[in-house]
Amino acid sequence: MDTGTIIVGLTIFVLACFAGAELISRVPQTLHTPLMSASNAISGIAILGALLAAGSPESFNSVSLIGFLAVIFASINVVGGYMVTDRMLQMFKKKTRKKKG
Amino acid sequence: MSIHVINLIYLIAASLFMLGIKNLSSPATAKLGNKLSMSGMAVAIAATLASPDISGFTLIIIGIAIGAAIGGYAAIKVEMTAMPEMVALFNGCGGAASALVAVAEFQGTTTGFESFTLITLLLSIIIGGLTFTGSLIAFGKLQGIVSTRPITYPGQQVVNAGIVALTLLLAWLVFQDPANAFAFFGIVVLALGLGVLAVIPIGGADMPVIVSLLNSYSGLAVSMTGFALNNNALIIVGSLVGASGLFLTKIMCDAMNRSLANVLFGAFGKVDDSVAASEGPTGTMKGFEVDEVAMVLESASSLIIVPGYGMAAAQAQHVTRELGDYLSEEGLEVRYAIHSVAGRMPGHMNVLLAEADVSYDQLFAMEDINDDFANTDVVLVIGANDVVNPAAKTNPGSPIYGMPVLDVEKARTVIVLKRSMNVGFAGIENELFYMDNTMMLFGDAKSSLQKVLSALKE
């Protein structure tokens, strides 16, 4: 990895931090739990690295087995995180008052 | 698929994640946001699977099937009141995944390491590892499996500092000789240990801060893995998650008027009996009967409900909504005031009330409703304690002095539903309970509310 690549990576990192902070500061308090579980779910993006490790050419060595474990953990994170977020968000409703008790 | 195409697809995925979070800015668009975020994840996974670096799919398919089954089952089954525990567990899985990816990368590299790659790999393992065990302990504390009291011992911080120093030493050894397996696995073990030791001295009521902070760590671990793998998708997403976690951490700390350092090292909630006994407010709590409470509610024209962790613990959110709706139909103006640290995670009360079908435009954050307590007839406090303690404003000797609290005592009447006469979590007496305009209704919040509701209907 040459120095140029490292600097590009750091640039992306810093800019994404600012963009993220900007977006997230607009999330209202009422959605903070879904925000948390949604950001949790996307942190399961580590699954990309896990897939590469689990599917590495020389199958069934220590690397692919560790990758396999990583795939399991990351999938729990991704699938569980998104599903639970969706479940929560389904509950946030604005009712037209006095319609139903 | 060539690496360039894959990277372009990752860019699309990252944009979808950004849009997803942008849409979380309103409950009306949030569902769409989550779908956008999901599709970003699907696209990124599909692109990776099409990469020439993947040749075997057996482990991948089995792994995803197992993980999806566990995650999906948990997501469907979990009670909304147990959401903090669930998020902590998922978060721990994220940390573990990042750390494991870094371990696999370390094991799989045979051609020698660039120093930058090695540093980021080790950081990913350390941060991911401590996120994993730290989240498990946080889960345990939220569940009550691990003592919710701060667990402290003399020299604790020296021990933790020593572990950090030892970890750095081992990292330096690995840096000198990447083949040093002893040092490498030593780092893994120490990182796991550090997660446990760092979280046990923190009290159960501070878990919202810890879960947020660990959330941010898991993002950081992902970013570090991204640097090591030279994968921009991981770098971007990791920084998003890191920023989100830090943002929530800061909100929680501000809402308690405490610094993050105080939360992490202050062992808040450690009971000091001598202080608790001598500094209690004088006077007596006045317990009232259900009928008296119902009468006060009947004659009121405005009501603000203040829920706290006690509502979650008693699973009282549904009957709370029933009472709110009933009074609303009787012509009362009914609103809910939610303190940022009410409950056990950011937004915990909002989710519970949403589950119980309370319209989200009835839910107000503290800064939007605090001025209205003075013009309100009745405030109904359900299982909240520290967030309504006037001592935070008036008593410089109180541990929570300076914390922004809801001005409930300014209302004409305050009805407090409380399990027993005992002091709250932090062992802090609450003057509110002794005030002249306060009516205490002791008992389980759920059954108390049911009794009040049936008394009203008679």
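Bear in mind these aren't lab numbers, they're just calculated from the coordinates by the rules spelled out. Note that the structure is predicted; figures quoted are calculated from it, not measured. Virtual Cβ from ideal backbone geometry, glycine too; neighbours counted across all protein chains shown.
The angle between the Cα long axis of helix B:156-176 and the longest principal axis of the Cα atoms of chain B comes to about 20 degrees, rounded to the nearest 10. For B:V416, the residues whose amide H sits under 5 Å from its own are B:V381, B:M439, B:M440, B:L441, ignoring neighbours fewer than 5 places away on the same chain, with H placed 1.01 Å from N. Shielding of peptide B:44-55 by partners, expressed as the average count of other chain Cβ atoms within 10 Å per residue Cβ, is 4. Between rounded, prolate and oblate, where does the range B:78-228 land on the alpha carbon gyration tensor, with a ≥ b ≥ c its root eigenvalues, rounded for a/c under 1.5, else prolate if a/b exceeds b/c? Because a/c hits 1.5 or more and a/b fails to exceed b/c, the range B:78-228 counts as oblate.
The string of couplings for the range B:375-382 from the Karplus curve (6.51, -1.76, 1.60, θ = phi - 60°) is 9, 10, 6, 10, 10, 10, 9, 10 Hz, one whole number per residue in order, with x for Gly and Pro. Need the C-alpha centroid separation for the range B:197-234 versus the range B:19-84, integer Å. After rounding, the separation between the Cα centres reads 19 Å. Amide H to amide H distances under 5 Å link B:A50 with no residue, where only residues 5 or more positions off or on other chains count and H is placed in the peptide plane.
Per DSSP H run of at least 4 residues, take -39500 (n - 2.57); add these up for chain B, divide by its residues and hand me the 222 nm value, nearest 500 deg cm²/dmol. Please list the in-between numbers first.
Values: 18 runs with 274 residues, N = 458.
Mean residue ellipticity at 222 nm (helix-derived): -19500 deg cm²/dmol.
In summary, the protein assembly as shown shows an alpha-carbon radius of gyration equal to 1.02 times the 2.2 N^0.38 Å reference for compact globular proteins.
When only the Cβ of Lys, Arg, Asp and Glu is charged (+1, +1, -1, -1), the dipole of chain A relative to its Cα centre reaches about 1400 debye. The relative contact order of the range B:56-265, computed from alpha carbon pairs under 8 Å that lie at least 6 residues apart in sequence, is 24 percent.
How would you classify the range B:59-113 from its alpha-carbon gyration tensor, with a ≥ b ≥ c the square roots of the eigenvalues: rounded for a/c under 1.5, else prolate if a/b is greater than b/c, otherwise oblate? Here the range B:59-113 falls in the oblate category. Averaged over residues, the count of other Cβ atoms within 10 Å places the peptides B:178-185, A:62-69 in the sequence A:62-69, B:178-185, highest first.
What number, in nm² with one decimal, is the all-direction average of the projected area of the convex hull of the alpha-carbon atoms of the range A:3-91? Please list the in-between numbers first.
Values: hull surface 30.6 nm².
The directionally averaged projection comes out at 7.6 nm².
Spacing of the modelled spin labels on B:F182 and A:K95, each 7 Å from Cα toward Cβ, amounts to 6.7 nm. Under a Gaussian network description of chain A, with springs only between Cα atoms under 10 Å, the residue in A:T33, A:T11, A:T85 that fluctuates furthest is A:T11. Each residue of the range B:304-319 was assigned a 3J(HN,Hα) from its phi angle through the Karplus curve 6.51 cos²θ - 1.76 cosθ + 1.60 (θ = phi - 60°); the sequence is 10, 9, 10, x, x, 4, x, 5, 5, 4, 8, 6, 9, 5, 6, 5 Hz, with glycine and proline shown as x.
Between 0 and 90 degrees, rounded to the nearest ten: what's the tilt of helix B:232-256 against the longest Cα principal axis of chain B? Roughly 30 degrees, rounded to the nearest 10. Taken one residue at a time, the phi angles of the range B:121-126 give Karplus couplings (6.51, -1.76, 1.60, θ = phi - 60°) of 4, 5, 4, 4, 5, 5 Hz. Gly and Pro are set to x.
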